[in-house]
1. Please work out which residue is surrounded by the most Cβ atoms within 10 Å (Cβ to Cβ), limiting yourself to the range 155-202 and to residues that are farther than 28 Å from HIS141 by Cα and of a type in the set (D, E, K, R).
2. Please name all residue pairs, on different chains or six or more residues apart, with Cβ atoms under 6 Å, provided the first residue is in the range 136-149 and is farther than 15 Å from LEU207 by Cβ and the second residue is assigned to a helix (DSSP H, G or I).
3. Select from the range 203-229 the residues that are over 16 Å from ASN161 (Cα atoms) and either crowded, with 21+ Cβ neighbours inside 10 Å or under 18 Å from the mean Cα position of the chain (by Cα) (or both) and list them in ascending order.
4. Given the options VAL81, VAL97, VAL117, VAL130, name the one that is out of contact with any helix residue (DSSP H, G or I) (no Cβ under 8 Å at 6 or more places or on another chain), assigned to a helix (DSSP H, G or I) and of a type in the set (A, V, I, L, M, F, W, C).
5. Among THR86, THR70, which is the only one that is modelled with pLDDT of 95 or more and among the polar types (S, T, N, Q)?
6. Every residue in the range 61-78 that is in a helix (DSSP H, G or I), out of contact with any Leu (no Cβ under 6 Å at 6 or more places or on another chain) and more than 19 Å from ALA127 (Cβ to Cβ), please.
7. From the list SER148, SER71, SER122, SER55, which one is among the hydroxyl-bearing types (Ser, Thr, Tyr), surrounded by fewer than 18 Cβ atoms within 10 Å (Cβ to Cβ) and over 27 Å from LEU186 (Cβ atoms)?
8. Mind checking whether some residue in the range 177-191 is part of a helix (DSSP H, G or I), in contact (Cβ under 8 Å) with a residue 24 or more places away in the chain, over 21 Å from LEU119 (Cβ atoms) and of a type in the set (Val, Ile, Thr)?
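The values are calculated or read from the model by the stated rules, or taken from the named source; none is laboratory data. Model, not experiment: these values are computed from the prediction. In this analysis, Cβ positions are derived from the backbone assuming ideal geometry, glycine residues included, and neighbour counts consider all displayed protein chains.
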Amino acid sequence: MGKLKKRSKLSQQRRKQNQLVPGDNKTNKKLDNKELQKITPLISQLSASATNDRSIALSTILLLCDNDPTSRKLFLKNNLVKILLTKLIHDESDEIVVDAYGLLRNLIIEEGYDLSVHLWRSDIWTALEVDFKKAMQSLPHINDEKVSSTRKALLIDYIDNLISCLGSLSTEVSIQLFDENILPKLQQSGILKFIFELIEKRVSNKLTLTALEFLYDLSTLSFQFIELFANEPSAIELLSKIEDSTLSVLSQVYLIGLKFQIMEFKGELTDPKSDDVLIDSILGKLDSLYKTKICFWTYTQQSLKSRVNNKW
C-alpha cells in the first residue's frame, strides 16, 4: 500500500515560505510596531456593537491574513483565534459566522499542525458540532418559497466553510488524534452521514465538490476511515456514480480517487485479475475525462484567443 500523508505537504511548504526572514532585531521591532498600529484597531473593531463594523473588520483581516504572512503572525499573537472561537463563530450575524469559519479554515491551512492542535484543545469540536446540526436542520428548507436566493447562497457558503474547516483540521492533526477522536465523533454526530447526503441530493455543485474533496482527503489520511468507507452502504452507492457525466470534472476525479483508494485498501491493485477493472474503471475514465472535457476546454480557449487576435 502507498504511504498515507500525516498532514498537508502543501501547508508545510507554505509555512516554510511564509516564515519571517531573520534580520536586525531593531529593524524587526520597528516593522512589528508599524504593523501593530495597523492591526490593533481592526482587532478592537471585531468587538464593535455595530454589525457592519465587525463585518468590515473581519473581511479586512481575512484579506490581510491571506496575503501578508507578517500581519497574519501578528494577528495570531494578538488573540485573533480566541476572538474567533469565543465571539465571531457565535455572532448574531450569519454573514459574520460564515466569514469567521472561512478565516479559521484559511488559518489552519497556512499555520498547520500547531494551530490545529491548539484549536482541538480549545474545543473547536463543540462549536463545529453545534453548527453542523444547525446546517442539518436548515438544509431541508433551502428550497422553501420564503427563502430568498441570498439566504440560499449564504447557507451553501455556511456548509461549505464548515466542511472545509473540519477537513483542514482533520488533515493537519496527527493520525492518532484523527483515528481516536475525530473519526468516532464524525460518526456519532451524524456529520459523516450528512456529508454523504449532500452528495446524494446534489444540493449544489459547490457542496458536492467540497463533500467529495473532504471524503477523498480523509481517505488519504486514515486506514480506519478507508475501512469504514469501504463497508459503508452509502459509499458503495456513491462509487456507482463514477460514470455520472452530470458531475463536474473535478467531482468525477475525486470519485475516481476514492475508488482507487478502496481498491488499494482491498488489495485489488496487486491482483492480476483486477487489471481489466483498473483499466476500465479508473484509467479509462480519466482518459475519457481528459479527452472530452479538458482537451475540449483547451481547444475552445485557444480558438477564442485566435479569433480575438485575428479580429485585431
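1. Step by step, filter the range 155-202, then rank; the result is GLU172.
2. Filtered contacts from the range 136-149: no entries.
3. Within the range 203-229, TYR216, LEU218, SER219, THR220, LEU221, SER222, PHE225, ILE226, PHE229 qualify.
4. VAL130
5. Matching residue, one of THR86, THR70: THR86.
6. If the condition is that a residue be in a helix (DSSP H, G or I), out of contact with any Leu (no Cβ under 6 Å at 6 or more places or on another chain) and more than 19 Å from ALA127 (Cβ to Cβ), then LEU63, LEU64, CYS65, ASP66, ASN67, PRO69, THR70, ARG72, LYS73, LEU74, PHE75, LYS77 are the ones that fit.
7. SER148 is the lone residue from the list that is among the hydroxyl-bearing types (Ser, Thr, Tyr), surrounded by fewer than 18 Cβ atoms within 10 Å (Cβ to Cβ) and over 27 Å from LEU186 (Cβ atoms).
8. no
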